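Inspection log for the structure reproduced underneath, given as C-alpha cells.
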Amino acid sequence: MRSPRIREMTLADCEGVAEVRVGGWRSAYRGLMPQSYLDRLSVEEDAERRRAYFAQGDGSVVNLVAEDTGGEIVGWACHGPYRDGEVRTEDAELYAIYVHPDQMGRGVGRALLTESVARCSAAGHGRLLLWVLKENDRARRFYERAGFRADGAEEPFEVDGVDVPEVRYSRPLPR
C-alpha cells in the first residue's frame, strides 16, 4: 500500500472513524479485555459519540484520519493537551490511535503517529505522552520503535470488572 493520505477529520468522517475504532478495539484488545465488552461495542453508538465530541470541540484536540487511495478511512488518531486528571499541562498527549484491522502492518499507524508528533512539536510541546494497556505487547513495541519509552507511571483501568492496567509512555519532541 502507498502511504495513506493524512488529513484532519471532518464531521462527515464520524461513521468511518467509528468503524475503525470499534474494529480496532475488537482486534487489538482481544484477549486483553472481556470479550463480552468488545462484543457490545456499537459502530452506531460510537459514531454518535464522535459527532457529539466533534460538535463540542474547542480546537485544542486534533483528530486526524488516514485514507487509502480510494478515499476510505483506514485509520484515526487524536491528540491534544496532556491531561493530568482534569488539569491540562504544557505537554501533549496522544489520546488514541487506531487502524482498521485489515490495514495493520501497512504503515497506516506509523503515518498517523508521525503526523501527530510533527503537529505536537510545531505547537511547541516539549513531550508527547500516551497511555497503553500494560499487556498490549504489540502496541508497546510499536511505540518503542517510534522512540517512546515507558516512564514508570501506571494507572488502573477496569472494564466489566476486569483490571486492565495502563502504563504511560513518553517521548521528547523536537523543537
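Observations on the model:
- Residue in region 61-77 that is open to solvent by 50 Å² or more (accessible area, probe 1.4 Å) and aliphatic (A, V, I, L, M) present: yes
- The test for being within 16 Å of V61 (Cβ to Cβ) and open to solvent by 20 Å² or more (accessible area, probe 1.4 Å) does not hold for E158.
- Flag if A52 is of a type in the set (A, V, I, L, M) and touching a residue at least 24 places away in the same chain (Cβ under 8 Å): no
- Region 18-39 - residue that is touching a residue at least 12 places away in the same chain (Cβ under 8 Å) and of a type in the set (K, R) and, of those, most open to solvent (accessible area, probe 1.4 Å): R26
- Here L112 qualifies as within 18 Å of R5 (Cβ to Cβ), buried (at least 19 other Cβ atoms within 10 Å of the Cβ) and in contact (Cβ under 8 Å) with a residue 40 or more places away in the chain.
- Among all residues of region 98-106, there is at least one that is open to solvent by less than 40 Å² (accessible area, probe 1.4 Å) and within 12 Å of the chain's Cα centre (by Cα).
- Selection status of R119, farther than 26 Å from R175 by Cα, in contact (Cβ under 8 Å) with a residue 40 or more places away in the chain and assigned to a helix (DSSP H, G or I): no
- Every test in (1) among the aliphatic types (A, V, I, L, M); (2) in a strand (DSSP E or B); (3) open to solvent by 20 Å² or more (accessible area, probe 1.4 Å) is passed by L130 save one, and that test is (3).
- The set of residues in region 40-54 that are of a type in the set (A, V, I, L, M, F, W, C) and either under 21 Å from L133 (Cα atoms) or surrounded by fewer than 16 Cβ atoms within 10 Å (Cβ to Cβ) (or both) comprises L41, A52.
- Within region 73-97, the set of residues being closer than 20 Å to A12 by Cα, touching a residue at least 40 places away in the same chain (Cβ under 8 Å) and touching a helix residue (DSSP H, G or I) at 6+ places or on another chain (Cβ under 7 Å) comprises I73, V74, G75, W76, H79.
- The C-beta contact set for region 1-17 (first residue in contact (Cβ under 8 Å) with a residue 24 or more places away in the chain and at positive phi, second residue open to solvent by 40 Å² or more (accessible area, probe 1.4 Å) and in a helix (DSSP H, G or I), distance under 8 angstrom, 6+ apart or interchain) is empty.
The values are calculated or read from the model by the stated rules, or taken from the named source; none is laboratory data. Predicted, not measured: the structure shown is a model, and the values here were computed from it. Please note: Cβ atoms are built from the backbone with ideal geometry, for glycine as well, and neighbour counts cover all protein chains shown. Surface accessibility is based on the protein's heavy atoms, side chains included, excluding ligands, DNA and RNA. Shrake-Rupley method; radii C 1.70, N 1.55, O 1.52, S 1.80 Å.
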